[in-house]
1. Can you pull out the residues in region 1-46 that are polar (S, T, N, Q) and modelled with pLDDT of 95 or more?
2. Looking at this structure, is ARG33 closer than 16 Å to THR54 by Cβ, among the charged types (D, E, K, R) and either open to solvent by 100 Å² or more (accessible area, probe 1.4 Å) or free of Cβ contacts under 8 Å to residues at least 40 places away in the same chain (or both)?
3. Where the second residue is outside any loop (DSSP other than H, G, I, E, B) and open to solvent by 70 Å² or more (accessible area, probe 1.4 Å) and the first is free of Cβ contacts under 8 Å to residues at least 24 places away in the same chain and lies in region 1-27, which pairs have Cβ atoms under 6 Å and are six or more apart or on separate chains?
Amino acid sequence: MYQTIPLLRIFDVAKAREFYLDFLGFRMDWSHRFDDAAPVYMQVSRSGCVLHLTEHYGDCCPGSTVFVR
């Protein structure tokens with residue numbers, strides 16, 4: 001196995017950017033929406049750690065825990 005990428009549910013893009021980018025120091029790699037009203041799916045990374053953040057209902061369950069070394 002080369003790499004795993006945790007997928008985490010978000011509910012507010014502005015709050016997610018504030019937490020992951022401003023507070024934790026991740027950088028935004030890319031983000032995607034099918035249109036302006038669609039939910040966002042984005043990738044953030046820091047020092048080789050990659051996370052996918054999604055607003056899409058059903059992608060994953062809220063309240064997950066991920067341990068990163």
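The values are calculated or read from the model by the stated rules, or taken from the named source; none is laboratory data. The shown structure was predicted, so the numbers you read here are calculated from the model rather than taken from an experiment. Ideal geometry is used to build each Cβ from the backbone, glycine not excepted, and the neighbour counts take in all protein chains shown. Accessible surface is based on the protein model in full, side chains and every heavy atom, while ligands, DNA and RNA are left aside. Shrake-Rupley method; radii C 1.70, N 1.55, O 1.52, S 1.80 Å.
1. Within region 1-46, SER31, GLN43, SER45 qualify.
2. Yes, satisfied.
3. GLY25/ARG46
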